[in-house]
Amino acid sequence: MFVFRNNTIERFFPSSYSFSGYDDVSVIPENEDAYVWFYQAPIKFDNGLLAEEINAMRQKFQMVVNQISPSKNMIAFTMDWPYLAPISDSDFRVKEAIAKYNELLVSSASAHSNLKVIDIREFTRQYPIAELMDWKFYFLSQMGLNPRLAKPFQEWFAKKLDQIALKRKKCLVLDLDNTLWGGVLGEDGIDGIKIGGDYPGKAFLYFQQALLELSKNGVILTVCSKNNEKDVFELWEKNPFLVLRKEHFAAWRINWQDKATNIKELAEELNIGLDSFVFVDDNPTERELIRQMLPMVSVPEFPDQPYELPVFFESLVENYFKVYAITDEDRSKTEQYKANAQRVNLQKSFADFDDFLVSLDIHLTIEEANEHNIPRIAQMTQKTNQFNLTTKRYTDADIKAMVQQGCKVYCLGVADKFGDSGITGCMIVAGNEIDTFLLSCRILGKGIEFAFMKQVLQSLKEEGLIELKAKYIPTAKNAQVADFYDRCGFVRVSSSESGETDYAIALHNLDLKVNDVYHIEIK
């Protein structure tokens, strides 16, 4: 990345980054992958001049953002004031200038989809103002931030990059007693548990309200509790103060089995990896069990007191679930996984697989990348591991650049009688080679991957493509697709010791008829 800056900040960013001169926007190098705008409030004691200088920075920012290619990401940090010494309390000129500067960044992000804005105050508010600057380093080397904060800043910025890339955990596994409410259901009864009303019930009520918002924004909620299932179901139905009820959970294990086994069963039912789980339980013994038995599951420390729950929730979001933007598919995630469980149960009642597929009334929608689906396509490349032939990671700006360079980028939408799974598949063809082929695990098991492949190959054939190349790159998680291209009729060309395999397929005599159990729409 190339960083536009107005003072010394090199040690706050990775060594691979390059930097502009101080306050220099005369050169915008074209060979950079992405750009960072990091301007800080200058040190001046004439607040009128300082406000004017900040206003001038707005013009420089506008000039730069308008010149950067839409196919390249730009990250802009808002401005804070680590040092400000107004002589009168009624002098708001500098604060107003900074507010207008930050408003410009936010409004520009609406107009430029490749621009992402990071609020620097999320970092600076963690420290007293006296710690934000070290005047010795400012006078010696014009460093506007205390160099002792470089390491925590880099860690925080790395999290922000993950959030921009839409990387996060998928599933939150929740205990019940003394976690979602105060008390023990089996001892206190439906009306005796503490939820709502005065403290501590109010703290648990707030926690449930917060978790509900997580669910609305794409985090799958599940339950793993040592309880009688019948008692919990009755509580969910009859207690009027609960926020989270049965319909808010995609799956549950409410029994007396050990929780490690239960969580593995939840992972199998939902068809997601254990490394996508976060386990929340008030019992330190249960937490230690999961850390020992399932080290890939994240296990945060639960607070000792209910009044600490709001701070705990904030840490959950920041450490595991925060992303830069929420997609439409995220908002319907719980319903999608619940519908998938219904499909699994339905399949058990059919002896013939094709009869099962017909009963589902599957609709496949294939369309090329556009402004609306590119964020979701990028998100899938970042998050999909198991059914992913190459596991290449791309941002939305990367996808836009590929489209501009002539690559064919297709996405797949899937719906059936149980609901709409949204955009759950992607195929990227660069020239005459498949760069990416992936599907969300929750739509597997119904032959959709083969229908998607055949339909795209048919489109490429109609456009005059004669031969298509492909590659399988093995990872720790995608072993299940090692023979996918073989099953699609591709011919192995070469294979390395690491398992990386090159394929090719001739399209002219290929049978690309798709099973008519799928209703396919090409947009």
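Side notes on the structure shown:
- Restricted to the stretch 90-138, and to residues there that are at pLDDT below 95, of a type in the set (S, T, N, Q) and open to solvent by 20 Å² or more (accessible area, probe 1.4 Å), the residue that is nearest to residue 402 (Cα to Cα) is 113.
- Among residues that are among the hydroxyl-bearing types (Ser, Thr, Tyr), touching a residue at least 12 places away in the same chain (Cβ under 8 Å) and out of contact with any Asp or Glu (no Cβ under 8 Å at 6 or more places or on another chain), residue 261 is not included.
- Test: residue in the stretch 216-239 that is open to solvent by less than 70 Å² (accessible area, probe 1.4 Å), under 30 Å from residue 83 (Cα atoms) and of a type in the set (Ser, Thr, Tyr): no
- Residues (within 16 Å of the chain's Cα centre (by Cα), more than 22 Å from residue 333 (Cα to Cα) and of a type in the set (Lys, Arg)) located in the stretch 367-404: 392
- Restricting the stretch 7-24 to residues that are in a loop (DSSP other than H, G, I, E, B) and open to solvent by 20 Å² or more (accessible area, probe 1.4 Å), the residue that is nearest to residue 135 (Cα to Cα): 22
- Residue check for residue 206: in contact with a Leu (Cβ under 7 Å, 6 or more places away or on another chain), modelled with pLDDT of 95 or more and surrounded by fewer than 19 Cβ atoms within 10 Å (Cβ to Cβ): yes
- Close pairs from the stretch 1-25: first farther than 15 Å from residue 143 by Cβ, partner in a strand (DSSP E or B) and open to solvent by 30 Å² or more (accessible area, probe 1.4 Å), Cβ under 9 Å, at least 6 apart: 1/18; 2/18; 2/19; 4/19
- First in the stretch 335-353 and in a helix (DSSP H, G or I), second anywhere and among the charged types (D, E, K, R), Cβ under 7 Å, 6 or more apart: 336/442; 337/442; 340/442; 341/269
- Considered as a group, the residues in the stretch 141-169 that are within 19 Å of residue 315 (Cα to Cα) and in a loop (DSSP other than H, G, I, E, B) include one that is most open to solvent (accessible area, probe 1.4 Å), and that residue is 167.
- Selection count, the stretch 459-473, where residues are out of contact with any strand residue (DSSP E or B) (no Cβ under 7 Å at 6 or more places or on another chain) and modelled with pLDDT of 95 or more: 1
- Scanning the stretch 284-343 for residues that are small (Gly, Ala, Ser), open to solvent by less than 30 Å² (accessible area, probe 1.4 Å) and at pLDDT 95 or above gives a single hit, 298.
The values are calculated or read from the model by the stated rules, or taken from the named source; none is laboratory data. Being a predicted model, the structure only gives us computed values, none of them experimental. Glycine gets a Cβ as well: all are built from the backbone with ideal geometry, and neighbour counts include every protein chain shown. Ligands, DNA and RNA are excluded from the accessible area calculation, which covers all protein heavy atoms including side chains. Shrake-Rupley method; radii C 1.70, N 1.55, O 1.52, S 1.80 Å.
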